[in-house]
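The values are calculated or read from the model by the stated rules, or taken from the named source; none is laboratory data. Quick caveat, the model's predicted, so the values are computed rather than measured. Here Cβ is always computed from backbone atoms with ideal geometry, including for glycine, and neighbour counts include all displayed protein chains.
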Amino acid sequence: MADKYQADADGFRLPIKVDTTSNGEFVPIPLTKVNQEANRLALRRATDNARVTGGSRRGFLRSSCGAATTLLAMNQVNAAAGKLGGYFQLPKDAAFDIELADAHIEGDEFIFDVQGHYVDPNGAWLEQVPEFARPFSFAPKAECDLKSDDNPHAYLDCLGPEEFIKDVFLDSDTDIMVLSFVPSTADSEPVTIEAADATRRIVEEMEGTHRLMLHGRVNPNQPKDLDSMDALAEQWGISAWKTYTQFGPEGKGYYLSDDIGLEFIEKARSLGIKVICVHKGLPLSRNSYEHSQCRDIGIVAKQYPDVSFIVYHSGYVAGKPELPYEHDAARDGIDTLVKSLLDNEIEPNSNVYAELGSTWRFLMREPDDAAHAIGKMLKYCGSDNVLWGTDSIWYGSPQDQIQAFRNFQIAEALQDAHGYPASPPNCAARYLV
């Protein structure tokens, strides 16, 4: 009889992943010694706890007790290293008591993930990819064992629509996902709107309805993208627009407050889809680094109060420390979003939203940075305007991100010192469509 845990038969894969994985938009960042020790301690504790409970380590790690054990180990090592700004709030007995672990690790929230991705493994875009190239190989799932002498890109099946549906709708608690798009020209899209719609129709056959929504990709500084908006709105029933301000011809981006950006916003308004999701932070390259920052967000939010601006990644720059906001500090990242809001007098819970895709995935490993980052989003964007997103399928199932976020708490000392709320909102984040 085959081992049902054959993908990790010896039980070395922790249920909460603290690793160097990137979404392809930043260079993988090595684990700190604290991260490494937390992973080692979690595995040792899981080994001991599995013996106590009489099961295999792999089986234990797949349980709620396994996730609780991992989070508790992270707490212990982070605290010993003086990282006390954020922590995972769950009782120690959750490492052994399955009912107690379930009460903290599992949940029944309505989970709306506003950022998901996959790749069409048979799309026309591959005609432009050299045989030696391995696009999207940054994703751990690209290391699957699909090999073919005839198809050097067979591994992309492991990043395709079937895996996307499995990871998101079967292997996580996600109720609704928004399928987004990566930066590309119209003739090189790894997922076309036609392919995305086909996946949406498959999901419609699952339990529940309208569980997959679609973005329409628009980069107004590219030829014909503005013209494509009519069909995206009228033919494909998109829920929002997705744009990359640091992407464009010859690697040069634009600002939403530029003339071309304003033309884009005006057209979105005229088509009646007044939700613009704009990639900020996680700079794609140094060629247009400035356009990954958020100085234009407050300007257009003030000019168009009837339009909702969802800032993907919240302007975060991976690997840079998050600190309390200081108006004159001239920092990159999330602070550029905060400064833009304050400079343009955009009140919290107005028309600017901070999204957590990849941002939370990285911050899970750095509790102090996580506390400041999420605390600033909640304080300046508003408690109703921090949106759940995971950037999955790049990281596999988003379940571990969900479980960690359910239990994350900002320390009282930071709440008192900086006016941060007590905890992040639950995963039932609000999304305007």
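Before we move on, is S397 touching a helix residue (DSSP H, G or I) at 6+ places or on another chain (Cβ under 9 Å), within 24 Å of E109 (Cα to Cα), touching a residue at least 12 places away in the same chain (Cβ under 8 Å) and in a loop (DSSP other than H, G, I, E, B)? Yes. Being surrounded by 24 or more Cβ atoms within 10 Å (Cβ to Cβ), closer than 30 Å to V34 by Cα and either under 18 Å from the mean Cα position of the chain (by Cα) or of a type outside the set (A, V, I, L, M, F, W, C) (or both) is the requirement here; does I310 meet it? Considered against the rule, which asks whether it is surrounded by 24 or more Cβ atoms within 10 Å (Cβ to Cβ), closer than 30 Å to V34 by Cα and either under 18 Å from the mean Cα position of the chain (by Cα) or of a type outside the set (A, V, I, L, M, F, W, C) (or both), I310 comes out as no.
If I filter the range 254-269 for residues that are surrounded by 12 or more Cβ atoms within 10 Å (Cβ to Cβ), more than 20 Å from I299 (Cβ to Cβ) and of a type outside the set (A, V, I, L, M), do I get at least one hit? No; the residues of the range 254-269 include none that is surrounded by 12 or more Cβ atoms within 10 Å (Cβ to Cβ), more than 20 Å from I299 (Cβ to Cβ) and of a type outside the set (A, V, I, L, M). Only one of the numbered conditions (1) out of contact with any helix residue (DSSP H, G or I) (no Cβ under 6 Å at 6 or more places or on another chain); (2) of a type outside the set (V, I, T); (3) not in a loop (DSSP other than H, G, I, E, B) is violated by G272, and that is (3).
For the range 279-298, the set of residues classified as among the hydrophobic types (A, V, I, L, M, F, W, C) and over 19 Å from N349 (Cβ atoms) consists of L282, L284, listed by residue number.
Of all residues in the range 7-55, those that are in contact with a helix residue (DSSP H, G or I) (Cβ under 6 Å, 6 or more places away or on another chain) and among the small types (G, A, S) total 5. The residues of the range 282-326 that are in a loop (DSSP other than H, G, I, E, B), closer than 18 Å to G261 by Cα and either in contact with a strand residue (DSSP E or B) (Cβ under 7 Å, 6 or more places away or on another chain) or in contact (Cβ under 8 Å) with a residue 60 or more places away in the chain (or both), listed by number, are C294, V307. Residue count for the range 213-254 satisfying the condition of being modelled with pLDDT of 95 or more and not in a loop (DSSP other than H, G, I, E, B): 20. Annotation: of all residues in the range 35-84 being over 20 Å from A371 (Cα atoms) and in a loop (DSSP other than H, G, I, E, B), the one that is farthest from the chain's Cα centre (by Cα) is G54.
State yes or no: is T174 in contact with a strand residue (DSSP E or B) (Cβ under 9 Å, 6 or more places away or on another chain), within 24 Å of I310 (Cα to Cα) and hydroxyl-bearing (S, T, Y)?
Working: in contact with a strand residue (DSSP E or B) (Cβ under 9 Å, 6 or more places away or on another chain): yes; within 24 Å of I310 (Cα to Cα): yes; hydroxyl-bearing (S, T, Y): yes.
So T174 fits the description; yes.
Restricting attention to the range 240-271, and to residues there that are over 23 Å from the mean Cα position of the chain (by Cα) and among the charged types (D, E, K, R), which single residue is farthest from P223 (Cα to Cα)? Here the answer is R269. Residues in the range 56-80 that are of a type in the set (A, V, I, L, M) and crowded, with 16+ Cβ neighbours inside 10 Å were compared, and the one that is modelled with the lowest pLDDT is L61. All conditions in (1) under 28 Å from I410 (Cβ atoms); (2) surrounded by 22 or more Cβ atoms within 10 Å (Cβ to Cβ); (3) in contact with a Ser or Thr (Cβ under 8 Å, 6 or more places away or on another chain) hold for E322, with the sole exception of (3). Among the residues that make up the range 193-212, is at least one of them part of a loop (DSSP other than H, G, I, E, B), of a type in the set (V, I, T) and under 23 Å from V278 (Cβ atoms)? For the range 193-212, residues part of a loop (DSSP other than H, G, I, E, B), of a type in the set (V, I, T) and under 23 Å from V278 (Cβ atoms): absent.
Run down D93, D145, D120, D108 and say which single residue is of a type in the set (D, E), touching a residue at least 40 places away in the same chain (Cβ under 8 Å) and at negative phi. Before the answer, list the steps.
Values: D93 fails: touching a residue at least 40 places away in the same chain (Cβ under 8 Å); D145 fails: touching a residue at least 40 places away in the same chain (Cβ under 8 Å); D108 fails: touching a residue at least 40 places away in the same chain (Cβ under 8 Å).
Criteria check complete, one pass: D120.
When you scan the range 214-221, do you find a residue that is closer than 25 Å to L126 by Cα, of a type in the set (V, I, T) and touching a helix residue (DSSP H, G or I) at 6+ places or on another chain (Cβ under 8 Å), even just one?
First pass over the range 214-221, keeping only residues closer than 25 Å to L126 by Cα: 214-221.
With the extra rule that they be of a type in the set (V, I, T), the set shrinks to 218.
Imposing the further condition that a residue be touching a helix residue (DSSP H, G or I) at 6+ places or on another chain (Cβ under 8 Å) reduces the set to 218.
Checked the range 214-221: at least one residue is closer than 25 Å to L126 by Cα, of a type in the set (V, I, T) and touching a helix residue (DSSP H, G or I) at 6+ places or on another chain (Cβ under 8 Å).
What tally of residues in the range 348-371 results from selecting those that are in contact with a Ser or Thr (Cβ under 6 Å, 6 or more places away or on another chain) and closer than 21 Å to K83 by Cα? Residues in the range 348-371 being in contact with a Ser or Thr (Cβ under 6 Å, 6 or more places away or on another chain) and closer than 21 Å to K83 by Cα: 1 in total.
How many residues does the range 120-140 hold that are of a type in the set (D, E, K, R) and surrounded by 21 or more Cβ atoms within 10 Å (Cβ to Cβ)?
In the first step, residues of the range 120-140 are kept if they are of a type in the set (D, E, K, R); the result is 120, 127, 131, 134.
Adding the requirement that they be surrounded by 21 or more Cβ atoms within 10 Å (Cβ to Cβ) leaves 120.
The qualifying residues number 1.
Against the condition surrounded by 22 or more Cβ atoms within 10 Å (Cβ to Cβ) and among the acidic types (D, E), how does D343 come out, does it pass? It is false that D343 is surrounded by 22 or more Cβ atoms within 10 Å (Cβ to Cβ) and among the acidic types (D, E).
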